[in-house]
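Below you'll find the structure, written out as structure tokens, and then a few comments.
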């Protein structure tokens with residue numbers, strides 16, 4: 001790839017991430033091209049379909065999140081690690097990255113079809129965090145990964161709906177996961 005083409009591709013990805021984070025996954029390719037200062041043809045040369053652009057952006061975000069979760073898995077109390085991860089997914093990532101929230105919730109993108117390996121990685125690390133917290137006796141034994149993901153998506157929806165109550169509502173949900 002020529003140097004200018006590589007720069008354009010990197011710029012498109014950067015702008016796509018920022019745009020999806022701020023405005024969600026519904027932003028048209030033409031708008032991303034405009035914001036990146038390139039023609040729509042340049043975007044389509046690198047990403048022939050919008051799903052290709054989604055795939056690149058969402059896969060990178062999920063990789064970052066999985067890496068963060070792995071670091072929490074290896075540090076300290078497993079229950080604290082899980083709760084810190086879920087809290088950051090809502091209050092940090094969820095508040096700043098609407099595109100990620102849309103992807104996890106399946107809004108505008110079927111994450112299982114577009115980036116199945118990323119969804120698999122996310123669910124696997126969530127499962128590891130959950131299992132470690134359950135073994136430590138910090139989390140209810142009857143809770144499954146799909147249920148925790150559903151609670152996470154619900155809390156992210158609260159963050160989008162009413163940020164002023166998101167932190168307290170998230171704490172209430174997390175308290176419901178704690179072992180008695």
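No value in this document is a laboratory result; all are computed from the given coordinates. All values derive from a computational prediction rather than experimental measurement. Backbone-built Cβ (ideal geometry, glycine too); neighbour counts: all protein chains shown.
Measure nothing but the geometry: give the 0 to 90° angle between the long axis through the Cα atoms of 145-161 and the longest principal axis through the Cα atoms of the chain, rounded to 10°.
Approximately 60 degrees, to the nearest 10.
In which sequence would 123, 25, 91 go, from the one with the fewest C-beta neighbours within 10 Å to the one with the most?
123, 91, 25
Using alpha carbons only, how many degrees (0 to 90, rounded to 10) separate the axis of helix 163-177 from the longest principal axis of the chain?
For 163-177 against the chain, the angle is about 50 degrees.
Simple spin-label model, 7 Å along Cα-to-Cβ: residue 67 to residue 171 in nm?
3.1
Evaluate E = 1/(1 + (r/R0)^6) for residue 80 and residue 2, where r is the Cβ-Cβ distance and R0 equals 35 Å; express this FRET efficiency to the nearest 0.05. Don't jump to the answer; show the numbers that get you there.
Values: r = 48 Å, r/R0 = 1.39.
It comes to 0.10.
In nm, give the distance between the simple-model label positions of residue 117 and residue 60, each being 7 Å from the Cα along the Cα-to-Cβ direction.
1.6
For the chain, what is the relative contact order in percent, using Cα pairs closer than 8 Å and at least 6 residues apart in sequence?
Numbers: 187 pairs, mean separation 42.9, N = 180.
Rounded, it is 24 percent for the chain.
Note the listed values (1) 19.3, 73; (2) 17.8, 60; (3) 16.5, 50, then indicate which one is Rg and Dmax of the Cα atoms in Å calculated from this particular structure.
Among (1) 19.3, 73; (2) 17.8, 60; (3) 16.5, 50, the one calculated here is (2).
Which residue fluctuates the most in the chain, going by a Gaussian network model with Cα springs under 10 Å, if the choices are 156, 134, 92?
For the chain, modelled as a Gaussian network with Cα springs under 10 Å, the answer is 92.
For a Förster distance of 22 Å, can you work out the FRET efficiency between the beta-carbons of residue 161 and residue 88, rounded to the nearest 0.05?
Plugging the Cβ-Cβ distance into 1/(1 + (r/R0)^6) gives 0.70.
Using only Cα atoms, find the angle between the long axis of helix 78-88 and the longest principal axis of the chain, and express it within 0 to 90 degrees, rounded to the nearest 10.
40
Pairs of alpha-carbon atoms within less than 8 angstrom and 6+ residues apart define the contacts here; what relative contact order does the stretch 1-48 have, in percent?
Numbers: 26 pairs, mean separation 17.2, N = 48.
Once normalised by length, the contact order is 36 percent.
For each of 17, 44, count neighbouring Cβ atoms within 10 Å of the residue's Cβ, then give the residues from fewest to most.
Values: 17 20, 44 15.
In order of increasing Cβ crowding within 10 Å: 44, 17.
Give the separation of the Cα centroids, the stretch 134-159 to the stretch 31-91, in Å.
The stretch 134-159 and the stretch 31-91 have Cα centres spaced 21 Å from each other.
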